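A short write-up of the structure that comes next.
Read-outs throughout are calculated quantities, based only on the coordinates presented, and are distinct from any laboratory measurement. Owing to the predicted nature of the structure, the values given are computational and were not obtained by experimental measurement. Neighbour counts are summed over all protein chains in view; Cβ atoms, including those assigned to glycine, are modelled from backbone coordinates with ideal geometry.
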Amino acid sequence: MAYKDIYAAWQADPEGFWMQAAGSIDWTRPPSRALFAERAPHYEWFNDGLTNTCWNAVDRHVAAGHGGRIAIIHDSPITRSTHALTYGELRDRVASLAGALRDRGITKGDRVIIYMPMVPEALEAMLACARLGAIHSVVFGGFAAHELAVRIDDATPKAIIAASCGLEPGRVVHYKPLVDAAIEQAAHKPDFTVILQREQEAATLIPGRDLDWHAIQAGVTPADCVPVEGSHPAYILYTSGTTGAPKGVVRATGGHMVALNWTMRNIYDIAAGDVFWAASDVGWVVGHSYICYGPLLAGATTIVFEGKPVGTPDAGTFWRVIRDHKVRALFTAPTALRAIKRDDPKGALIADYDTTSLKTLFLAGERADPDTIIWARDHLNVPVIDHWWQTETGWAIAANPVGIEALPVKIGSPSVAMPGYDVQVLDEGGHPVAPGTLGAIAVKLPLPPGTLPTLWNAEERFRKSYLDHFPGYYETGDAGYVDEDGYLYIMARTDDVINVAGHRLSTGAMEEVLAGHPEVAECAVIGVADALKGQAPLGLLCLNKGSNQPHEVVIRECVARVRDQIGPVAAFKLACVVDRLPKTRSGKILRATMVRIADGEPWKMPATIDDPAVLDEIATALKGLGLPRG
Ligand code: COA
Ligand code: AMP
C-alpha cells in the first residue's frame, strides 16, 4: 500500500487503524476499544487492556525462541570496549534487577529516577521498572544537581538508580556526588539508591541509603512481569518549557508500545533481527523511543553508543560503528553530522569503512540545514530522511515513511504527516491558513497513541501549555507552513525554547539562574545562530545601579552559575553587559528582534518599542561579541 492509502485508511477509521496496530502487541487482556474520549479534551488509548512493556520488549522474543538474538550492543570508544547482550541474557538481567527492586519495596506506580550514562545497565534499569509497573524518569547526565533535585521533588521517587560516573572525552563526570547533592537539595528523600560502580571511578556509598547494583541482586528471586492497564504511565520524561520548571511528559503504556512498534516497521523499515542505531542519549526522548523501547519491541538489535561523533577518536567513528555492527538505519541529530563535516569536510574517512549495510539515515531533534543533508546524502549514498517530532509526542509527527514507501525527499522539509496526526497550520485566530502561509503548527485532537495524555502533577499546566490557545487542537510550539503537496516546513519555535546541539533548553530557566546573581538587576537570554550547534544561548545582563564589579567578573560568574545549576549541557558561554534591555511600552522584552540583530538578519523597528535607541546599543554590544557568527 502507498503512504496516501495508509493515511486515508487511518482517516476513515482511526480506531480500527490503531486496534489493528495493537494486534502486534501481547496483551494479558486485550483492550475492548482503542480511544477513550470520556474526559475530552483529555484523550487516552487502550485504557482497559492489560499488558507489560518489558514482556513485549524482551520476554516475548525469548519465549518465541529468539533468546540467542542480540538485543543490545554496547559500543564505547571512550572505554575502548564493545560487548553484546542477547535477548535471553537481557531477560535474565532485567528480571534479577527487578527482583531486587521488588524486594526493597518498589511496586506498581512507584517512581524511580534513573541517572545514568550510556551503558546497557541504563536500559536494564528502565526495563526493570517497566517489568514491575514502576514509573521511571530518566534524567540526562549533562544536567547538574539542581536540575536533578527539581525532578526529585516533582516525581517523588522511591528510589534513584545511578552510576558512579559518566565519561565525557577527557573528563570523568562524577555522577554520585551529583546525586548526593541533589538529594541534599531536594525536599523529597528517596528511600534508597542503587549505584552501578564503574571501574573508572568507584563512588563512596552512604550506608543504609546507597546500595550496590550487584550486591542487591545476590540470591534474588527473579521478578515476573506485572500486567498494567494500557493507561498506566510507563514513564515521565522532563522537558524544557517556557519557565524554569520542567514539564513532566507522561507516557502511557499501551499507546506507547502500539505506536513505537508501528513506527519501527513503517517509518524506519526495521524488522526483527535488523540493527538500528539511534546515536542519542537515554536521557532524551529519542533515547527512550529509539535506543530502548522501539527497537526492542520490534525484536531488533539496538546500539548503545558511549562516544561522540568526533574526537572518540575521530570523525570516522560513526562509519566504524556502522561497519562493525552492520547498522541498517542510523538516527542522529544534524549537529552530529555538522561536527563530522567540520572535521572531515570531504568525507574522506567514510571511504575507510564498508558502510553498505546502511540503508537510510534519519535526522531529527532540530532543523536539518540543506548543506548538512546534501553532504550526508552525497557521501553516504543513502536517502537522508528528516523527520519532526517532540518529547511530547514520543514519535514522529511528520516523516518520510520509508518502510511504507520512500516519498520524494524535499530538502528543508521533514515530509508529511504520519497516520494519527491531522496537522494544521493556523493563524492567530485559530483558522487554517492557505498552503505556503506561515502560521502556528497544531494537531487536531485527539493526538494518536503514544503521545502525552497529560503532564505529571500538572493537568492545569498541560491544558494551558497545549490545549487552550487553539481549542480542539494540540499546539506544538513550532511555527511553519505546509506546501501544496502536504509537505511541512518547520521554521521556528513560538515560545522561549531554544535548541542547542539538538538539546532542547529553556531560556527562561537560564534567565532565572542569571537573575539570581547578586549584581544582576535584569537579564534576557536569547538563542543566537551557531554554525555547529544550530543555536547557542546568549545572555544580556543589566547590572544593579552603582555596581562596581568588573563586567568580565560578573560574566564569568554568570557562566559558572548556569553550568553549576543547570549543567554543562546548557552550553552557556556567551554573555555581555548592557545598560538597558529593549522593551515594548507594556514592558515585554523584545527577544525576537534581538535574535534577528544578533544573527545579522534584516529587522524592523517594532512599532510598540518604548525607546528605539536601546536597539542601537544592543547592536553595538553584540558586534563587540563578534556576532553574527551563524
Ligand atoms: N553527561 C555529562 N556532561 C555532558 C553530557 C553527559 N551525558 N553530554 C554532554 N555533556 C557536556 C559536554 O561534555 C560539554 O561539556 P564542556 O562544556 O565541558 O565541553 C557540554 O555538556 C556541552 O555538550 P554539547 O553541547 O554536546 O557539546 P560538545 O562540544 O561536547 O559536543 C557535538 C558537540 C556536536 C559533538 C555534540 O553536541 C553532539 O554529539 N550532538 C548530538 C546531539 C544529540 O545526539 N542530541 C540528541 C537529540 S536527537
Ligand atoms: P525535543 O522535545 O527535545 O525532541 O525537541 C522538540 C523540538 O525540536 C521541536 O518542537 C522542534 O522545535 C525541534 N525539532 C525536532 N525535530 C525537528 C526537525 N526535524 N526539524 C525542525 N525542528 C525540529
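Annotations
- Cα point-scatterer Debye curve for the stretch 287-412, base-10 log of I(q)/I(0) at q = 0.14, 0.21 Å⁻¹: -0.61, -1.46
- In order along the stretch 582-592, phi translates into HN-Hα couplings of x, 9, 7, 4, 8, x, 7, 6, 8, 5, 4 Hz, rounded to whole numbers, per the Karplus curve 6.51 cos²θ - 1.76 cosθ + 1.60 with θ = phi - 60° and x for Gly and Pro.
- For the chain, the spread of Cα positions along the three principal axes, ordered from largest to smallest, is 72, 61, 57 Å.
- Label sites at His83 and Ala2, each approximated as a point 7 angstrom past Cα along Cα to Cβ, lie 5.1 nm apart.
- Mean sequence separation of contacting Cα pairs (under 8 Å, at least six apart), scaled by the length of the chain, corresponds to a relative contact order of 12 percent.
- Kirkwood Rh, angstrom, the stretch 108-225 [1 / mean 1/r, Cα pairs]: 14.3 Å
- The aspartates and glutamates whose alpha-carbon is closer than 17 Å to the alpha-carbon of Lys308, local same-chain residues fewer than 8 away aside, are Asp75, Glu168, Asp281, Asp324, Asp343, Asp344.
- Computed over neighbours whose Cβ is under 13 Å from that of Asp153, the net charge equals 0, Lys and Arg +1, Asp and Glu -1.
- Computed extension gain for Ala434 through Lys326, at 0.36 nm per residue and net of the alpha carbon distance, reaches 34.4 nm.
- Near Arg493, the amide H atoms lying under 5 Å from its own belong to Ala479; only residues 5 or more places off or on other chains count, and H is placed 1.01 Å from N.
- Along each principal axis, Cα extent of the stretch 513-616, largest first, Å: 39, 38, 21
- Computed 3J(HN,Hα) for the stretch 357-373, one whole-Hz value per residue from the Karplus formula 6.51 cos²θ - 1.76 cosθ + 1.60 where θ = phi - 60°, is 5, 6, 9, 8, 10, 9, 10, 6, x, 6, 4, 8, 7, x, 4, 5, 4, glycine and proline marked x.
- Relative to the Cα centre, the charge distribution of the chain, modelled as +1 at Lys and Arg Cβ and -1 at Asp and Glu Cβ, gives a dipole magnitude of about 460 debye.
- Taking the stretch 524-558 and a reference point 7 angstrom along Cα→Cβ of Lys573, the backbone N atoms nearer than 15 Å belong to 528-539, 556.
- For the stretch 496-502, the Karplus equation 6.51 cos²θ - 1.76 cosθ + 1.60, evaluated at θ = phi - 60°, returns couplings of 9, 8, 10, 10, 10, 6, x Hz by residue, with Gly and Pro reported as x.
- Take the Cα of Asp13, step 7 Å toward its Cβ, do the same at Thr608, and the gap between the two points is 4.9 nm.
- Within-15-Å neighbourhood charge of Gly23 [Cβ basis; K, R +1; D, E -1]: +1
- Using just its DSSP H runs of length 4 or more, each adding -39500 (n - 2.57), the chain gives a mean residue ellipticity at 222 nm of -8000 deg cm²/dmol after division by all residues.
- Summarising the amide proton neighbourhood of Asp210: residues at separation of 5 or more, or on other chains, whose placed amide H is nearer than 5 Å comprise Thr193.
- Straight-line cross-link partners of Lys444 among the lysines, defined as a Cα under 21 Å from its Cα and at least 8 positions apart when in the same chain: Lys4, Lys464.
- The stretch 557-630 and the stretch 68-138: distance between their alpha carbon centers, rounded to Å: 44 Å
- One compactness figure for the stretch 394-509 is 1.09, namely its Cα radius of gyration divided by 2.2 N^0.38 Å.
- According to the calculation over all Cα-Cα pairs in the stretch 310-381, the P(r) per 5 Å bin from zero is 3, 17, 30, 30, 17, 3 %.
- Estimated inter-spin distance, Ala531 and Ala187, nm [label 7 Å along Cα→Cβ]: 4.8 nm
- Straight-distance candidates among the lysines for linking to Lys604, with alpha-carbon spacing under 25 Å and chain neighbours fewer than 8 residues away dropped: Lys583, Lys588, Lys623.
- Residues with amide H under 5 Å from that of Val500, placed H, sequence gap 5 or more: Leu505
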